[in-house]
Amino acid sequence: MAAVRFFSGRVSWYRINYRKQKRKDGDISMNTNLISRYLQRLRREQGFTQEELAQTIHILRQAVSKWETGAAIPDLDTLLKLSRLYGLTINEILEPRISDSEVQDFEDIINTDPAWLKKILDEFEVEAVIKASMGASPAVQNFLQGIYGDTDFQKVQNRIGRIRVEEVESLQNQIVAAVQLSEDSPVSSFRAF
């Protein structure tokens, strides 16, 4: 059995690649908002309207609309059709990673415009952002603290206490995916140290 790793308070950072978030009851949850935005992006990149995509994979247009609004996710059969159509695996559809983005890793968020990043982070609860920061470098923690100037990160981290590395990794990956899927992704002209 693998050892369980925890972060506690302010810790050293290291690169994180785990992409699934385990809830307390043990089920794996997906961020449907990220999936819906990614499905919409894939459709647009291929030049399909919702109607054209629906006809191509033999479903109703309303189903495509439900995926893109986050009201539902495609069933397994439809995911297989989408994966073939887009040349992606099902995991790549359900766990989006955009390779042409300036932000490939949680540590890269430090290179974004703080006001723009704040708009994206507003999709997440402040505590989730603080949990994600618990596995980040001190520079990223200070950057995020600056964005949330009215929130005492240290106090919240102390209240959270120990947290599973997998949860930190999942939150970091969700934030990176949200940044990558943003329509207007400005990277600031400065690089933080």
Check on Leu42, assigned to a helix (DSSP H, G or I), under 22 Å from Asn173 (Cα atoms) and either touching a Phe, Trp or Tyr at 6+ places or on another chain (Cβ under 6 Å) or modelled with pLDDT of 80 or more (or both) = yes
How about region 74-119: which of its residues are outside any loop (DSSP other than H, G, I, E, B), buried (at least 18 other Cβ atoms within 10 Å of the Cβ) and of a type in the set (Val, Ile, Thr)?
-> Ile93, Ile109, Ile110, Thr112
Residue check, Val179 modelled with pLDDT under 90 and either assigned to a helix (DSSP H, G or I) or of a type in the set (A, V, I, L, M, F, W, C) (or both) | yes
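Output the number of residues of region 120-147 satisfying the condition of being part of a helix (DSSP H, G or I) and more than 18 Å from Leu181 (Cβ to Cβ).
Here is the first cut: in region 120-147, the ones part of a helix (DSSP H, G or I) are 120-121, 126-133, 138-147.
Okay, now just the ones that are also more than 18 Å from Leu181 (Cβ to Cβ), so 126-127, 130-131, 133, 138-147.
Result for region 120-147: 15.
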Checked against (1) over 30 Å from Ile59 (Cα atoms); (2) more than 14 Å from the chain's Cα centre (by Cα), Glu169 satisfies every condition except (2)
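The values are calculated or read from the model by the stated rules, or taken from the named source; none is laboratory data. All figures in this text were calculated on a predicted structure; none of them were measured in a lab. Don't worry about glycine lacking a Cβ; one is built from the backbone with ideal geometry, like all the others, and counts go over all protein chains shown.
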